[in-house]
1. Condition test on residue 327, is it within 17 Å of residue 82 (Cβ to Cβ), away from the ligand (no atom under 16 Å from the Cβ) and touching an Asp or Glu at 6+ places or on another chain (Cβ under 7 Å)?
2. In this structure, is residue 203 outside any loop (DSSP other than H, G, I, E, B) and open to solvent by 20 Å² or more (accessible area, probe 1.4 Å)?
3. Suppose we filter the range 330-351 for residues that are modelled with pLDDT of 95 or more, open to solvent by 60 Å² or more (accessible area, probe 1.4 Å) and of a type in the set (Gly, Ala, Ser); how many remain?
4. Starting from residues that are open to solvent by 10 Å² or more (accessible area, probe 1.4 Å) and closer than 19 Å to residue 223 by Cβ, keep the ones in the range 131-172 and report whichever is nearest to the ligand (Cβ to nearest atom).
5. May I ask you to list the residues in the range 102-116 that are in contact (Cβ under 8 Å) with a residue 40 or more places away in the chain and out of contact with any helix residue (DSSP H, G or I) (no Cβ under 6 Å at 6 or more places or on another chain)?
6. Exactly one of (1) at positive phi; (2) at pLDDT below 95 is unmet by residue 439. Its number?
7. Among the candidates 369, 379, 406, single out the residue that is surrounded by 18 or more Cβ atoms within 10 Å (Cβ to Cβ), over 30 Å from residue 313 (Cβ atoms) and among the charged types (D, E, K, R).
8. So, in the range 144-191, how many residues would count as being under 25 Å from residue 279 (Cβ atoms) and in a helix (DSSP H, G or I)?
Amino acid sequence: MNYQSKTILFAFLCISMLNQLYAQEQPNIILILTDDQGWADVGFNGSTDIPTPSLDKLASEGVIFSNGYVSHPYCSPSRAGLLTGRYQARFGHDCNMPYEGENDASIGTPLSEKMISEALKEQGYRTSAIGKWHVGDHPDLHPPAQGFDHWFGFPGGNMNYWGYPANPLQTIYRNGEEVSQSELSYLTDDFTDEAISFITKKEDKPFFIYLAYNAPHSPDHTTKKHLEKTKHIEYSGRNIYASMVNAVDTGIGKIDSTLVANNIKDNTIIVFLSDNGGRIEHADNRPYRGHKGMLFEGGIKVPFFINWPEKIIGNQVYDKPVISLDLYPTFLQAANIDTTKESNLDGKSLLPYISNKNKGAPHDILFWRSVGGFEYAVRKGDYKLYKSAYKNKTLLFNLKNDSYERYDISDENPEIIIKLEAAYKKWDSKNIAPGWVDPHPKNVILEEKRLQETLKKSTKGK
Ligand code: CA
C-alpha cells in the first residue's frame, strides 16, 4: 500500500469511528401512541380502577405533561399532526379518511410533508412503524413511503384484535406482505412482540419506533388473561376497556425490561400519549369536560409523558401547555439534528423547557381546527375560545379559574372573543381547505340532539 492509499484509508477509518461515536450518542426513540384512551385512564393521572404500573413507573421516572394536548380530537388528523410536527390544517388533513380512501392517493398526508421518520432516517436512524397507520389508506401513502424501514400493522382506522383480515384496510401487513393468521394472537401483544424484536436486532444504528397501539379503540376485545386484572370493575363494559388499557401497560412493561436487559434504557427516549380524548363509552376524561370528537378539554387533553433517564431529570410535572406537534422538534434536538432546516414546523422542542433552561412557555397561543372550521378552538394564556357546533355557540372559558370549562364567560367578554377570533382567522389564512370531508358534522348534530332529548325526557320542574 503506498503512502497516498494509507492516508485515504486512515481518513476513512477516522470518519467511520466518528460516525459510530456520533451514532451511539444519538438516543433511541420510542413514540408510543394509544387510541381513544381517556385522560384519567392511567394511574399517573389518578385512575384508581385500571392498573397501569408500568406507565406509572415510566411517568414518574420522567416528566408528566399535565396540560398535554393533541392537535385534533380524533384519530387520523391527530396522527397527521403528530408525525409531521405541523398543524394538519396546513395541508388540509383535518378530517378522517373516507372509506374508499384506499383507491385514491390524494387522500391522506401527502408525501410532500416530511414525517419525523424521514428526518430521523436521514440522520442514520433505523425506523419502524408498528400498529395502526390511518394517515393514508392508499398503498402509495403507507409507512414505507413515509420514511419507515420496517412496518408491521394495518393501514386503516380500526381493526378487530384477532387480526382477521376483513378488507385491505383491516389486514395486518409486515413490510407490505400480508401476515398469516397463524402468526397472530392478540394484536396488542403482537405489536409489543414486534417492537421487542425490532429493539433487539443487533445493529449499530440508533432506532426510532412509532408504536401506535389501536387499543383501547373499539371493538371491545380482550383475552381471559388480560381480563384477570380488571374483572373487579363492575361498571358496564369498562372492565373490558380497562383490560385493553392494561394489556398495553403490560406490553410497555416488557419493552422497558428489554431496554434494561440490553443496557440501552438510559439513552432511550420513551414518549407516551393518546391520540385524542377518551371515547364516549367506557373511557374516563374526568374531571375534564367532553370526549373524543369535541374541542372541550376532554377531547384534546391526553395522558402524556416523556422519559429519558440519561438527559431528563425525573419526578417532574410540567404544567404549561404543550402539544403533540412539539415531539418532532424535540426528537430532532435530542438527536443533535439542526432544527433550523425544518423551519415550517409548528411544534417547539420541549427540551429547554423541561430542563428549566427556558422558564417561559413553549407556546403563546394554540389552535385547533376540525373539518375546515366546522369547529375550532384557540387557547391563549388562560383563555380558551371554542366555536362549538355541539352547543351551536362560541364559548369562552378562563381555564385558570375554570379548568373544567363549566362557566361560559363569552357574553361578559366580547373584546376577548374579538381578539381570539382575529387570531384564529389570521392563523387559518395560512391553512388550506380540507382535502376531503368525513361524517363528523352529521354525527355531532345527531349526538347533541340525542343528549338534549334525553335531558328533556328526564327533567321536570323549573
Ligand atoms: Ca383515536
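1. no
2. Considered against the rule, which asks whether it is outside any loop (DSSP other than H, G, I, E, B) and open to solvent by 20 Å² or more (accessible area, probe 1.4 Å), residue 203 comes out as no.
3. Number of matching residues: 0.
4. Top of the filtered list is 158.
5. Within the range 102-116, 106, 114 qualify.
6. (1)
7. Step by step, each of 369, 379, 406 is checked, and only 369 is surrounded by 18 or more Cβ atoms within 10 Å (Cβ to Cβ), over 30 Å from residue 313 (Cβ atoms) and among the charged types (D, E, K, R).
8. Number satisfying all stated conditions: 8.
The values are calculated or read from the model by the stated rules, or taken from the named source; none is laboratory data. All values reported here derive from a predicted model rather than from experimental measurement. Reconstructed Cβ throughout: ideal geometry from the backbone, glycine too, with neighbour counts over all protein chains shown. Just so you know, the surface numbers come from the protein's heavy atoms only, side chains and all, with ligands and any DNA or RNA stripped out. Shrake-Rupley method; radii C 1.70, N 1.55, O 1.52, S 1.80 Å.
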